[in-house]
Amino acid sequence: MAKERNANVKSTKMETGGIQMYEPNKWKANVKKFYIYVILLLIVIIFSVVKLDRVAMFGRGHFLSPDSLINLFRSAVPIMTLSGAFTLLMISGNIDLSVGSAMSLSAVVFSLMILNGFPFLPAMIITLIMGIACGTLNGFLVMKLRITPVIATLVTLNLFKGIALLIVPEGLSGIKGSAEKVMPPWINDYARKDVLLGLPWAFYIAVLIIVILVIVQRKTIIGKYAAAIGGNRTAAELSGINAVKIGWILFVVVGFFAAFAGIARASYMSLGDPLSGDQMELDCIIAVLLGGTAFSGGEGSVVKTIIGALIIMCVTTGLMTVVPPFWQMMAKGSVLVFAVVVNHLLIREKVKG
C-alpha cells in the first residue's frame with residue numbers, strides 16, 4: 001500500500017511539473033459541508049445592516065435584538081417542525097405536495113374544536129389523528145396504488161384545502177371568535193406564552209421533534225432504509241427492505257407533523273385560517289434543497305434542512321412590508337432557483353466522484 005501511495009504521489013508530481021498537488025475534491029467537500037451555514041450567516045449580516053423599522057416584528061430594534069429573534073423563532077415553529085419530517089420523505093425518493101393544505105386543515109379543525117369548548121389536549125390529539133389520516137391516505141395512493149407522488153399529493157392538496165374551506169362557516173375567512181362564541185385567550189399560550197428565555201412551549205417541542213428526527217435518520221433502520229430506497233429502490237427491495245412499508249410510514253409521519261405545524265400556526269394566530277398553509281410545501285422544498293438533500297433521494301440531512309428553514313424565515317420576515325408582495329415572491333423564487341442550482345451541482349459532484 002505504501003508503494004502504491006508513493007507511486008501515485010510520484011505520478012502526480014510528474015504530471016504537475018514536480019509540484020505536489022492537494023486532493024482536488026477536498027475543498028469541494030468542505031463547501032458541501034459548510035455552505036448552508038455561510039448562507040445563513042450572510043443573510044443575518046445583510047438584514048442586520050438594512051434598516052427594518054417598517055417591519056412590525058422588528059419594530060423594536062435590530063434584527064439580532066432579543067425581541068426580534070424571539071419573534072423569528074416563534075413564527076418559525078411550523079416550518080421547523082414540518083421540514084425535518086419532509087426531509088426523511090424526500091431522502092426515500094418521495095415528495096408530498098399536500099403538506100400545506102394538511103397544515104391548513106389541521107389549523108381549522110383545531111380552532112373549531114377550541115371555539116366549541118374542547119380542552120387543549122383533546123383538541124390536539126384529535127387533530128394529530130386527523131393528520132395521521134391525511135398521511136395514511138397519501139401513503140395509500142403512492143405506495144399501494146403506485147400513483148406518482150407528485151400527482152397523488154397534488155390531488156390531496158386540493159382535497160384537504162377544499163375540506164378546510166368547507167368547514168369554515170359561510171361568510172367568514174377563518175375560524176375565529178365572535179360576539180356569540182368567543183375564542184378563549186389561552187389558545188395562543190402554546191405558541192406565544194413565555195416559558196423559558198421568552199420562547200413558548202411550541203418552540204421547545206419543535207426542538208425536541210428535530211432531535212428525534214435526527215436520531216431517526218442517523219441511528220434507526222427507518223432512516224437507513226429510507227436512504228437505501230431513495231438511492232436504489234430495486235436494490236433495496238432485493239436486499240429484503242420493504243419499500244412500500246417504509247414509504248407509507250414516512251408519509252404518515254409527514255401528515256402527523258403537518259398537523260403539529262397546523263396547531264402551532266392556529267395557536268400563534270389565534271385563528272383557524274384555511275389558507276394559512278399556502279406555499280408551505282414550497283418553503284419545505286426550498287429548505288430541503290438548500291440543506292443538500294437530493295431531489296431524487298438517497299441522501300440528505302435533517303440538521304441542514306432546519307438551517308435552510310431558518311434561511312427561509314429570515315428572508316420572508318426580513319422582506320415583509322419592506323418591499324411589495326410581488327418582490328417578496330420574486331425573492332423567494334430566486335432562493336428556490338438558487339437552491340435547485342446548488343443542489344444540482346452538489347449531486348453532480350457526488351456522481352462524478
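The values are calculated or read from the model by the stated rules, or taken from the named source; none is laboratory data. Note that this is a predicted model, so its numbers are computed, not measured. Using ideal geometry, Cβ is built from the backbone for each residue, glycine included, and neighbour counts are taken over all protein chains shown.
State whether the residues of the range 120-140 include one that is outside any helix (DSSP H, G or I), out of contact with any Lys or Arg (no Cβ under 6 Å at 6 or more places or on another chain), surrounded by fewer than 24 Cβ atoms within 10 Å (Cβ to Cβ) and at pLDDT below 95. First the steps, then the outcome.
Within the range 120-140, the first condition is being outside any helix (DSSP H, G or I), and the residues that meet it are none.
For the range 120-140, residues outside any helix (DSSP H, G or I), out of contact with any Lys or Arg (no Cβ under 6 Å at 6 or more places or on another chain), surrounded by fewer than 24 Cβ atoms within 10 Å (Cβ to Cβ) and at pLDDT below 95: absent.
For the range 116-171, residues that are hydroxyl-bearing (S, T, Y) and closer than 13 Å to V254 by Cβ total 3. All conditions but one from (1) more than 15 Å from the chain's Cα centre (by Cα); (2) surrounded by 24 or more Cβ atoms within 10 Å (Cβ to Cβ) apply to G291; the one that does not is (1). Residues in the range 86-123 that are over 28 Å from G300 (Cα atoms) and touching a helix residue (DSSP H, G or I) at 6+ places or on another chain (Cβ under 6 Å): L105, A107, V108, V109, F110, S111, M113, I114, A123. Is there a residue in the range 146-162 that is farther than 19 Å from P274 by Cβ, assigned to a helix (DSSP H, G or I) and of a type in the set (K, R)? Looking through the range 146-162, none of the residues is farther than 19 Å from P274 by Cβ, assigned to a helix (DSSP H, G or I) and of a type in the set (K, R). Of all residues in the range 313-333, those being at pLDDT 65 or above and over 18 Å from L72 (Cα atoms) number 6. Set side by side, the residues L336, L346, L310 differ, and just one is modelled with pLDDT under 75, surrounded by fewer than 24 Cβ atoms within 10 Å (Cβ to Cβ) and under 28 Å from K224 (Cβ atoms), which is L346. Here L97 passes the criteria (1) part of a helix (DSSP H, G or I); (2) closer than 16 Å to A258 by Cβ except the one numbered (1). Per the conditions (1) at pLDDT 90 or above; (2) of a type in the set (S, T, N, Q); (3) crowded, with 17+ Cβ neighbours inside 10 Å, the sole criterion not satisfied by N242 is (3). Here the condition is being buried (at least 24 other Cβ atoms within 10 Å of the Cβ), in contact (Cβ under 8 Å) with a residue 40 or more places away in the chain and touching a Cys at 6+ places or on another chain (Cβ under 6 Å); of G277, G255, G272, it holds for G255 alone.
For the range 105-123, which positions are more than 16 Å from L137 (Cβ to Cβ) and in contact (Cβ under 8 Å) with a residue 12 or more places away in the chain?
Of all residues in the range 105-123, those more than 16 Å from L137 (Cβ to Cβ) come to 107-108, 110-123.
A107, V108, F110, S111, L112, M113, I114, L115, N116, F120, A123 - these are the residues of the range 105-123 that are more than 16 Å from L137 (Cβ to Cβ) and in contact (Cβ under 8 Å) with a residue 12 or more places away in the chain.
When S68, S111 are checked against the criterion of being part of a helix (DSSP H, G or I), surrounded by 24 or more Cβ atoms within 10 Å (Cβ to Cβ) and at negative phi, a single residue qualifies: S111.
Of all the numbered requirements in (1) at pLDDT 85 or above; (2) on the phi < 0 side of the Ramachandran plot, A191 misses one, and that requirement is (1).
Taking into account only those residues within the range 197-229 that are of a type in the set (G, A, S) and assigned to a helix (DSSP H, G or I), which is farthest from G240 (Cα to Cα)? Steps first, please.
Step one: of the range 197-229, the residues of a type in the set (G, A, S) are 198, 202, 206, 223, 226-228.
With assigned to a helix (DSSP H, G or I) added as a condition, the list becomes 202, 206, 223, 226-228.
Values: A202: 39, A206: 34, G223: 15, A226: 13, A227: 14, A228: 11 Å.
Of everything passing the filter in the range 197-229, A202 is farthest from G240 (Cα to Cα).
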